[in-house]
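The values are calculated or read from the model by the stated rules, or taken from the named source; none is laboratory data. Because the structure is a prediction, the values reported are computed rather than measured. Virtual Cβ from ideal backbone geometry, glycine too; neighbours counted across all protein chains shown. Note: areas computed on protein heavy atoms with side chains; ligands, DNA, RNA excluded. Shrake-Rupley method; radii C 1.70, N 1.55, O 1.52, S 1.80 Å.
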Amino acid sequence: MRVLAAMSGGVDSAVATARAVDAGHDVVGVHLALSETPAALRGGSRGCCSKEDAGDARRAADVLGIPFYVWDFAAQFTESVVDDFVAAYAAGQTPNPCLRCNEKIKFAALAEKALALGFDAVCTGHYARLDAASPPTLRRAVDADKDQSYVLAVLTAHQLAHALFPIGDTPKAQVRAEAAARGLRVADKPDSHDICFIPSGDTRAFLGERIGARPGAVVDAESGQELARHDGVHGFTIGQRKGLGIDRPAADGRPRYVLGIEPATGTVTVGPAAALDVREIDGALPVWCGGVDPDGPLRCVAQVRAHGGLAPATAWQTADGSLRVRLDEPLRGVAPGQAVALYRPDAAGDVVLGSATITAAR
C-alpha cells in the first residue's frame, strides 16, 4: 500500500513508521505543524508540535530512508480542537482534546488529504490494534497502561479501514528498545503528557486568558449555602476535589467534590463523594464500529475515562438517535464533554463497539 505516516517526532510514531517500511509499504512521512507558535510548545515532556519535534521526525525519516514533509494544519487544529476545548469548558463541560484531534485532524483532515493524494492508509503511533477484517475491528493495545483505544473509539468504520496502528501489539519498553536498535535518536525522548497545546500545564490559566473572568458561587448541595466565590466555571470539572477555594471543612469533616456546573448562573455545586455516583449516561452522536449496528439493547462494558472508569452496562439508541447507557454498578467522575466508549463484554473485553460524547449523567 501507499502509506502516509504521521510522525510527531516521538518514539512511538517513529517505530510505527519503521514497521510500515519493514512491511513493504511505500511510505511517506509527514509531520503536522499544529501550532501557530511552534517555538513555544515544547518543554521537556510537556507540549508538542515544536520545531524540535519536527526536526526529530525529519531525522527519523532520514534514518528510515523515506521522503518527509511538514504539513501546516495549524488553522484546522485551532478551530477544531483548541477553540472546541475552550468553548466546551465555557459551557461547563470537560472535553477530551486528544479525542477531538483524532476525530477532526488525524483521521479526518489528514486522512482526507492523504486519500485525495492517492495514499491507501494513514499510519500512526497509537497504542491500539486493528483486526484485518471488513469492517475492521478496533481492539485495546497489548500494553494496558498505554492503551489508546478509548480516544480512537470515535472513529468510523470507514476511517479505521484506512488506518494502521503498527505498535499496538508491543509493550512500550520494547518499542523504546526497538527504536534504539534501529538507531533512532528519539528512543529515550520523554513522552509528552497533559494537554499538548498547554505546555505550562496550567489549564485554568490558559482558559482564563481566553474566556475571561465570569464570577460565580461555590454552593453546598445539601444546605444551599454559598461557600466561596470563583472567577469562572472553566476552573472546575465534575469530581474535582482540590482548588475549590473553600476555607472550611464540611460538617462531617469529609472532603467536598464538584457535583455540578451551571455556566448560565456561574454556580458550582459541591458535596460528598457518594453524590458523584452515576448509573445512567446520555450521549450525543454515537459512532459504531466493527460492524455493530444495534437495533435493540446492547450488552457492553462502558468506559468513561482514558484509563479506568469501567462498568458492565446496557446501551441502546433512543428515538432521537442519541445513546443511553445504563450501568450495572455506579461510576464516579462522569463529566459531560467526555466520551463514553463501549467494549464487547467478553472475557478479553478488548473489542471496541462504539462511543458517544457524554451530554448528561445521573
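Worth pointing out:
- Put simply, the Cα atoms of segment 105-231 extend 58, 34, 32 Å along their principal axes, the longest span coming first.
- For the chain: relative contact order, % (alpha-carbon pairs under 8 angstrom, 6 or more apart): 16 percent
- Full-stretch length increase - A251, L117 - with 0.36 nm per residue and alpha-carbon distance subtracted: 41.8 nm
- Cβ-derived FRET efficiency at R0 51 Å, D62 paired with A87, nearest 0.05: 0.80
- Candidate residues Y343, Y69: accessible-area rank, largest first, probe 1.4 Å: Y69, Y343
- Relative protection proxy for 73-82, 149-158, 197-206, 51-60, from highest mean packing down: 149-158, 51-60, 73-82, 197-206 (other beta-carbon atoms within 10 angstrom).
- Euclidean distance of C-alpha centroids, segment 7-32 and segment 164-184, integer Å: 11 Å
- Stretch gain in nm, segment T37-A177, where the contour uses 0.36 nm per residue and the Cα spacing is subtracted: 47.1 nm
- Rel. contact order, % - alpha carbon contacts under 8 angstrom, at least six apart, segment 213-273: 37 percent
- With a simple spin-label model that places each label point 7 Å from the Cα along the Cα-to-Cβ direction, the separation between S322 and R362 comes to 1.0 nm.
- Averaged over its residues, segment 213-273 has an accessible area of 53 Å² per residue, based on protein heavy atoms and a 1.4 Å probe.
- Accessible surface of the chain [probe 1.4 Å, protein heavy atoms]: carbon and sulfur percent: 50 percent
- Histogram of C-alpha separations across segment 213-273, 10 Å bin width, %: 25, 62, 12, 0
- Scattering curve values for the chain, log₁₀ I(q)/I(0), Debye with Cα scatterers, q = 0.13 Å⁻¹: -1.07
- The chain: calculated mean residue ellipticity at 222 nm from DSSP helix runs of at least 4, using -39500 (n - 2.57): -5500 deg cm²/dmol
- Taking 0.36 nm per residue of separation and subtracting the Cα-Cα distance, full extension of the segment from A205 to T156 would add 14.2 nm.
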